[in-house]
Every structure is written in structure tokens, then in C-alpha cells.
Amino acid sequence: MPLDRRRLIGSGLVALAAGPASAAPSPHREPPTSRPAGVLELAMDADAPSTPTGLAIARGGRMFVMMPRFTGSEPVTLGEVLPDGSVKPYPDARTNKPDPKDPQATLFHVPNGVFDRNDTFWILDSGLPEGKGKPVPGGAKLVEIDITQDRIRRVIPLDAGIVEHSSLNDLRVDVRDDRALAYITDQGQGGQGAILAVDLASGRVTRRLADHPSTATEEGLVKFVELRPVMEQKGDAPAKHPKGGANGIAISPDGSRLYYAPLMSRRLYAVETAALLDPTVSDAALAAKVQDLGEKGMTGGLTTDSQDRIYLSLQEHNAVGRRWPDGTVEVLAADDRLVWADTFWITPDRWLYISGAQVNRRPEFNRGQDLQQRPYAILRMRIDADPVL
């Protein structure tokens, strides 16, 4: 039976060519070594004022980063990266100044944003001005921005889909002739997450898979980044395992499946979007439809291409991985500059971009010491497929 070389490579196995049965091993043969990964190139050094976990690129090349307010001291939560690498508040400084008295017009804590196929910019605001606590009433929202005029076009409140311990994290938008939908992960503040499904036309928000194992932290796991365990460390108190429920999210090319994973988990999950959106499907029935797709490593952001391959931000390896529809996982590229691999973006000309957010260097993981180093690297590589838009 012929060997499937791609499957062998993707699974980490090495196939050696078979020689004559009587051939003796060479006395000078070196032991097998790990294969070199592909190459990432530096696309931009973004001089962001704080941790840039989110990345989105418009068709014309304009680049935007999202900087969550982890403490409340961060001056900007949504910014545009200029050609020289500097980051300016977007759409302006006033909008980036959170105001609980005007929650629909100001931005509190933006972890992510995406462009749809019409190049409309959708921003996710979790409504957490200090990264924790109860979301500000009216602060959790989707913001639709027209980048041709640099103005907010519409705001969709998300209050109906959040709870007291919500921490909305990632966003995907599926806008086609027959649908206008958004999917949001809620990683929670105590590790219990959920998924929000939003009808962009009506504004209806539905919270699904709350407290389901597929959206929750996997207890006891340790994530290693830059050869060190990522643990919450405050003063002389014992180190604690960080928590993180539903985090990375991606959509299949036809929009029929949603892929997602908790931040603190090595497993990948999928669910039918039709079931998520159908109010007649009970929570128990929906839970029964969740598919465990197996181990994929410790990841942050996810994305898909037109061949339904899922890209994995392999945070423990400073690397980019890819999962094929048959379950094979391969490492595409690795780079020491990719510290805390986070958000992907695929452009129409088949460049895969990924941000290095340096979250592991934040003070909460280093006994109060901020080890982040500006600027933040945004890397890229060519791929052989189109984006899902």
C-alpha cells in the first residue's frame, strides 16, 4: 500500500526509503533530527502602545490592531498601523476614550475585529474598561465601521448575550447574499465560556453552549511560551493556572460549520452553524451536536482558507500550524519573533499574516514586571489558497 507522504509529514513521522533487505546500516548515519519549518518574513513592526491581540487588514492594505484594556491604563483600544509602524487611535482619540455614560459611542475593550467580504469593518467591544468585572451596561457591542469615511455606521448591542462574568474575545462575520451573521466567543473570566450567534440584520443575539466542556477551560494545563510556563504570578503568592474558555474561532468556507477552541485547551471543536442559530434546537440537543476534532496544540487565534484547512497559532512553538480536513496537522513555519502567536489574517493575494502579541510577557505573568518589548512583530508567509470571506 503506497505511503501518504503528506500525512506522514503532518503527523511528525519520517518515512525512510526502503533498500535491499540485506543492506547493512551505514556506520556513519546520523540520528534523525527535527525538520526545519518554513519561513516567516517581517511584514511590519507595529509600535503599538499596548498589547495588540487583534489584527485585521482591509483590501486596500490598511492595517488595524486591537489592544484590549487589561488594566484600564491603556490609552488606545483600536488603532490603525501607519506605514512607518506607528499606531494612531481609530477612528479617532475621542472614540477610544471609554465613557460609561455614552457606551454606544465609545470603545471600552476591543480584543478583535474583522472585515467582511464587502470590506466593512466589524469591531467587537467586550465592554470591560479594566479587562475584568461586570461589563458596562451597553458597552458590549458590535460596531460597524465604514473605513472609506472613517466613521461608525451602526452599533449592535450584545447585552442580551452576555452575563456578569463575560469576556468576549473573538469574532467572525459571515455576510453573503442570503445571510448576515456574526459569531463571537466568550472566554469568560473564570474559565466558563460560551458562543454568541448574532443576526446582523435584526440584531438578535443568542447565547449558546454556555458552560459546555467545549467552551470551558481545561483545568490543570500548563502553557509554555518562550521556554517558560505561563502562570499568573502576583507578589509572593503561589502561582496560579490562568483560565480561558472559548477563544479562537473560524468558519468553514460554506459557512455551515463553526470551529472553536478554549484558550486553555489542546482540543479543537466544531458545531453546525444552523443548529447554533435555530431557536428550536434545545441546549441539550445542540450539545449533542458538538464534535471533538482532536488535539491541535495550544493555540490562540484560528482561521480557515478556501480549502477548509484550519490555521493554528501554535503559541508554545512560536509557530504557524495547519489542520487538514482529514485531521492531519502540520507545522508550516516558525519564528522566534512570533511571541504569543495570536491573530491571523489572509489577504486576497494569499498572504497569511499573524501577530505576535507578547501576552506571556505581561506583568500578571511575571510577578508585576512588564517584559513586553515594543515594537510588536507582525509576520507573514505565502499560502496556496484563498481566504474565507
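The values are calculated or read from the model by the stated rules, or taken from the named source; none is laboratory data. Model, not experiment: these values are computed from the prediction. Neighbour counts run over all protein chains shown; Cβ positions are idealised from the backbone, glycine included. These area figures cover heavy atoms from the full protein model, side chains too; ligands, DNA and RNA do not enter into them. Shrake-Rupley method; radii C 1.70, N 1.55, O 1.52, S 1.80 Å.
Taking ALA341 as the residue in question, decide whether it is within 17 Å of LYS223 (Cβ to Cβ) and crowded, with 17+ Cβ neighbours inside 10 Å. Even if it seems obvious, please write down each step before you answer.
On the way: within 17 Å of LYS223 (Cβ to Cβ): yes; crowded, with 17+ Cβ neighbours inside 10 Å: yes.
So ALA341 fits the description; yes.
Is region 200-213 home to any residue that is open to solvent by 60 Å² or more (accessible area, probe 1.4 Å), within 21 Å of GLY301 (Cα to Cα) and at pLDDT 95 or above?
As a first pass, look at region 200-213 and keep what is open to solvent by 60 Å² or more (accessible area, probe 1.4 Å): 201-202, 204, 211, 213.
Add one more test, that the residue is within 21 Å of GLY301 (Cα to Cα), and what stays is 211, 213.
Checking which are at pLDDT 95 or above leaves us with 213.
Within region 200-213, one or more residues are open to solvent by 60 Å² or more (accessible area, probe 1.4 Å), within 21 Å of GLY301 (Cα to Cα) and at pLDDT 95 or above.
Of all residues in region 217-231, which are in contact with a Lys or Arg (Cβ under 9 Å, 6 or more places away or on another chain) and either under 21 Å from LYS134 (Cα atoms) or part of a loop (DSSP other than H, G, I, E, B) (or both)?
THR217, GLU218, GLU219, LEU221, GLU226, VAL230, MET231
Could you name every one of the strands (runs of 3 or more DSSP E) located completely within region 270-389 that has at least 3 residues being within 15 Å of the chain's Cα centre (by Cα) and of a type in the set (Val, Ile, Thr)? Explain how you work it out, then say what you get.
Values: elements: 291-295, 299-304, 310-314, 319-323, 329-334, 341-346, 351-356, 376-382.
Passing ranges, in order: 299-304.
Yes or no: PRO100 closer than 19 Å to GLN187 by Cα, over 17 Å from the mean Cα position of the chain (by Cα), in contact (Cβ under 8 Å) with a residue 24 or more places away in the chain and open to solvent by 20 Å² or more (accessible area, probe 1.4 Å)?
no
Go through region 315-339 residue by residue and tally those that are of a type outside the set (A, V, I, L, M, F, W, C), more than 30 Å from GLN372 (Cα to Cα) and in contact (Cβ under 8 Å) with a residue 60 or more places away in the chain.
The number of residues fulfilling the criteria is 2.
Can ASP84 be described as modelled with pLDDT of 95 or more, over 15 Å from TYR376 (Cα atoms), open to solvent by 20 Å² or more (accessible area, probe 1.4 Å) and part of a loop (DSSP other than H, G, I, E, B)? Give the steps one after another, and end with the answer.
Numbers: modelled with pLDDT of 95 or more: yes; over 15 Å from TYR376 (Cα atoms): no; open to solvent by 20 Å² or more (accessible area, probe 1.4 Å): yes; part of a loop (DSSP other than H, G, I, E, B): yes.
Judged against the criteria, ASP84 is not a match.
With respect to the numbered conditions (1) within 15 Å of ARG62 (Cα to Cα); (2) touching a Gly at 6+ places or on another chain (Cβ under 8 Å); (3) in a loop (DSSP other than H, G, I, E, B); (4) not charged (D, E, K, R), which one is the sole condition not fulfilled by ASN118?
So ASN118 meets the others, but not (2).
Could you check, for region 306-317, whether at least one of its residues is of a type in the set (D, E, K, R) and out of contact with any Phe, Trp or Tyr (no Cβ under 7 Å at 6 or more places or on another chain)?
The initial filter retains those residues of region 306-317 that are of a type in the set (D, E, K, R), namely 308-309, 316.
So of that shortlist, the ones also out of contact with any Phe, Trp or Tyr (no Cβ under 7 Å at 6 or more places or on another chain) come out as 308.
Yes, some residue in region 306-317 is of a type in the set (D, E, K, R) and out of contact with any Phe, Trp or Tyr (no Cβ under 7 Å at 6 or more places or on another chain).
For region 233-258, how many residues are more than 18 Å from LEU168 (Cβ to Cβ) and modelled with pLDDT of 95 or more? Please lay out each step first, then the result.
Taking region 233-258 first, the residues more than 18 Å from LEU168 (Cβ to Cβ) are 233-241, 252-257.
Those left that are additionally modelled with pLDDT of 95 or more: 252-257.
Looking only at that region, the number is 6.
Among the listed residues LEU258, LEU227, which satisfies the condition of being of a type in the set (A, V, I, L, M, F, W, C) and either surrounded by 20 or more Cβ atoms within 10 Å (Cβ to Cβ) or in contact with a helix residue (DSSP H, G or I) (Cβ under 6 Å, 6 or more places away or on another chain) (or both)? If you could, list the steps in order and put the result at the bottom.
Working: LEU227 fails: either surrounded by 20 or more Cβ atoms within 10 Å (Cβ to Cβ) or in contact with a helix residue (DSSP H, G or I) (Cβ under 6 Å, 6 or more places away or on another chain) (or both).
Answer to the selection: LEU258.
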